[in-house]
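The values are calculated or read from the model by the stated rules, or taken from the named source; none is laboratory data. Please read these numbers as outputs of a predicted model, since none were measured by experiment. Cβ placement follows ideal geometry from the backbone for every residue including glycine, while neighbour counts extend to all protein chains displayed.
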Ligand code: PEP
């Protein structure tokens, strides 16, 4: 069984104070929700939880998460430099992230591709570097509305995945199923992000299966592929029932504890124990 992942991408939202307040509300609500059976959260089917605040809040949130011992909540960066150190004004390195306890990074989000001109090669380079440093990359791929309407969804997604795969394949020490299976892919159709227009669950599953098929079987069966794009409580059940969708990357609905917990609960195979 692939352990589901529910990751919240806060984008450029929340100050440090708001981050702290969210974490307190989130963990209180989780405790409340599973209070009859706190060990539920330790079960294999309970999703792995990831929160991704701005760089400014990372350190605070890592420490807050460390002090909540009920469940491990991983803290991810929303981007990372492809370079190890040096004259790259405004950039943050893998070493700096690891130094504060951040071991997961979202790479190639469509907003980075769209507004900051990140190419497939740049995303591949960052993914390779993350792997080399032992940071788990969550690589986002997905087509724009124009690409979907012109029938190019599959071609675009395969191109984005192959850029990453060929960069990794060139490094013999990384190109091993036990390493590659740590990669996480998020299929995020660009037209569904922040628009309220969720991709039809069967179609999202079809594209996730297509992504899985690009990997050798030893990796494919273990690789976690998330769906992202207007996920909320009302559509989460249908999405998570799909065999090739292993969780979600959530934007808007991750900003409030209640809406995020509703998605976490939907990803959990068992009925949550209500207090
Ligand atoms: C995202 O930012 O990755 C995302 C999926 O956003 P939203 O859930 O708001 O569509």
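Does residue 151 satisfy the condition of being surrounded by 15 or more Cβ atoms within 10 Å (Cβ to Cβ), at positive phi and modelled with pLDDT of 95 or more?
Working: surrounded by 15 or more Cβ atoms within 10 Å (Cβ to Cβ): no; at positive phi: yes; modelled with pLDDT of 95 or more: yes.
No, not satisfied.
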Residues satisfying the stated conditions in region 191-200, i.e. at pLDDT 95 or above, more than 17 Å from residue 8 (Cα to Cα) and either surrounded by 18 or more Cβ atoms within 10 Å (Cβ to Cβ) or within 14 Å of the ligand (Cβ to nearest atom) (or both): 191, 199
Filter result for residue 60 (over 14 Å from residue 126 (Cβ atoms) and in a loop (DSSP other than H, G, I, E, B)): no
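Give the residues of region 172-190 that are over 26 Å from residue 3 (Cβ atoms) and more than 15 Å from the ligand (Cβ to nearest atom), sorted by residue number. Don't jump to the end; show me each part of the working.
Kept after step one, since they are over 26 Å from residue 3 (Cβ atoms), are these residues of region 172-190: 172, 190.
Passing the criteria: only 172.
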Condition broken by residue 40, with the remaining ones in (1) free of Cβ contacts under 8 Å to residues at least 60 places away in the same chain; (2) assigned to a helix (DSSP H, G or I) satisfied: (1)
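Conditions tested, residue by residue: (1) touching a strand residue (DSSP E or B) at 6+ places or on another chain (Cβ under 9 Å); (2) buried (at least 20 other Cβ atoms within 10 Å of the Cβ); (3) touching a residue at least 60 places away in the same chain (Cβ under 8 Å).
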position	(1), (2), (3)
99	no, no, no
113	yes, yes, no
121	no, no, no
142	yes, yes, yes
Leading residue by the ranking (farthest from residue 46 (Cα to Cα)) among those in region 237-256 that are assigned to a helix (DSSP H, G or I) and within 11 Å of the ligand (Cβ to nearest atom): 252
Matching option when the condition is in contact with a helix residue (DSSP H, G or I) (Cβ under 6 Å, 6 or more places away or on another chain) and either free of Cβ contacts under 8 Å to residues at least 60 places away in the same chain or closer than 20 Å to residue 131 by Cα (or both), among 201, 170, 209: 201
Given (1) within 30 Å of residue 24 (Cβ to Cβ); (2) in contact (Cβ under 8 Å) with a residue 40 or more places away in the chain; (3) surrounded by fewer than 23 Cβ atoms within 10 Å (Cβ to Cβ); (4) within 15 Å of the ligand (Cβ to nearest atom), number of the condition residue 226 does not satisfy: (3)
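Yes/no per residue for (1) at pLDDT 90 or above; (2) in contact with a helix residue (DSSP H, G or I) (Cβ under 8 Å, 6 or more places away or on another chain); (3) assigned to a helix (DSSP H, G or I):
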position: 11; (1), (2), (3): yes, yes, no
position: 18; (1), (2), (3): yes, no, yes
position: 22; (1), (2), (3): yes, yes, yes
position: 27; (1), (2), (3): yes, no, yes
position: 32; (1), (2), (3): no, no, yes
position: 46; (1), (2), (3): no, yes, no
position: 49; (1), (2), (3): yes, yes, no
Output for region 257-270, where each listed residue is more than 12 Å from the ligand (Cβ to nearest atom) and either part of a strand (DSSP E or B) or within 21 Å of residue 54 (Cα to Cα) (or both): 257, 258, 261
